[in-house]
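Input: a single structure, listed below in structure tokens.
The values are calculated or read from the model by the stated rules, or taken from the named source; none is laboratory data. Every value quoted in this text rests on a predicted model; they were computed, and no experiment measured them. When we count neighbours, we look across all protein chains shown, and the Cβ atoms used for this are built from the backbone with ideal geometry, even at glycine.
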Amino acid sequence: MATMTKKPAKKATKSAKAPKAAAKKAPAAKATAKAFKPTTSSKVRTRSQVIAELATASDVKKTVVKEMFDNLATIIGADLSSRGPGVFSFFGLMKLKTVKKPATKERTGVNPFTGETQVFKAKPASKKVRVRPTKALNALVS
């Protein structure tokens, strides 16, 4: 009968050890995610400096980070193109949007500075990209 009590005891200890092991791994992963602190820069960062910083922060090769940026640029271009939706939300930090300006005809008007009549040249239709920051980005700055 002593052997019967040992077997359930072993199972109980194994099941008790399993959650502890899982609990130990989860905080370790959170600790590495919080460990990254970007260095401050007095000048505008170059593309290679940003790639190097991201590569060291995530323990990935620089070539992989470059590929990720190139792929991201391709996705943004596809979304902002005429076939795409015209809007790209950049990770909740900002929204990129295409604005279509129609063509204007040549017209006469008054120069607001001098008050003289003037001919304003015609302008062709154009598309521009506008960036709108979100609340999350404004919270990071302030």
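Matching residues to (1) modelled with pLDDT under 95; (2) farther than 27 Å from residue 52 by Cα:
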{"residue": "80", "(1), (2)": "yes, yes"}
{"residue": "91", "(1), (2)": "yes, no"}
{"residue": "115", "(1), (2)": "yes, yes"}
{"residue": "122", "(1), (2)": "no, yes"}
{"residue": "136", "(1), (2)": "yes, no"}
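Applying the selection to region 112-121, what residues are surrounded by 10 or more Cβ atoms within 10 Å (Cβ to Cβ) and under 43 Å from the mean Cα position of the chain (by Cα)? Across region 112-121, the qualifying residue is only 120.
For region 76-96, a residue qualifies if it is among the small types (Gly, Ala, Ser) and assigned to a loop (DSSP other than H, G, I, E, B), and the qualifying residues are 81, 82, 84, 86, 92.
Sub-7 Å Cβ pairs linking a first residue in region 43-61 that is assigned to a loop (DSSP other than H, G, I, E, B) to a second residue that is surrounded by 12 or more Cβ atoms within 10 Å (Cβ to Cβ) and among the hydrophobic types (A, V, I, L, M, F, W, C), at least 6 apart or interchain, are 61/55, ordered by first then second residue.
Scan region 100-123 for residues that are among the charged types (D, E, K, R) and part of a loop (DSSP other than H, G, I, E, B) and jot them down. Within region 100-123, 105, 106, 116, 121 meet the criteria. Applying the condition of being out of contact with any Ser or Thr (no Cβ under 7 Å at 6 or more places or on another chain) and among the basic types (Lys, Arg) to region 96-127 and asking which residue is farthest from residue 77 (Cα to Cα) yields 107.
Of everything listed in (1) in contact with a strand residue (DSSP E or B) (Cβ under 6 Å, 6 or more places away or on another chain); (2) touching a residue at least 40 places away in the same chain (Cβ under 8 Å), the single unmet condition for residue 100 is (2). Just checking, how many residues over region 124-142 are within 22 Å of residue 81 (Cβ to Cβ) and either of a type in the set (Val, Ile, Thr) or part of a strand (DSSP E or B) (or both)? So the count comes out to 7. If you go through region 22-55 and keep only what is modelled with pLDDT under 90 and among the hydroxyl-bearing types (Ser, Thr, Tyr), you end up with 32, 39, 40, 41, 42.
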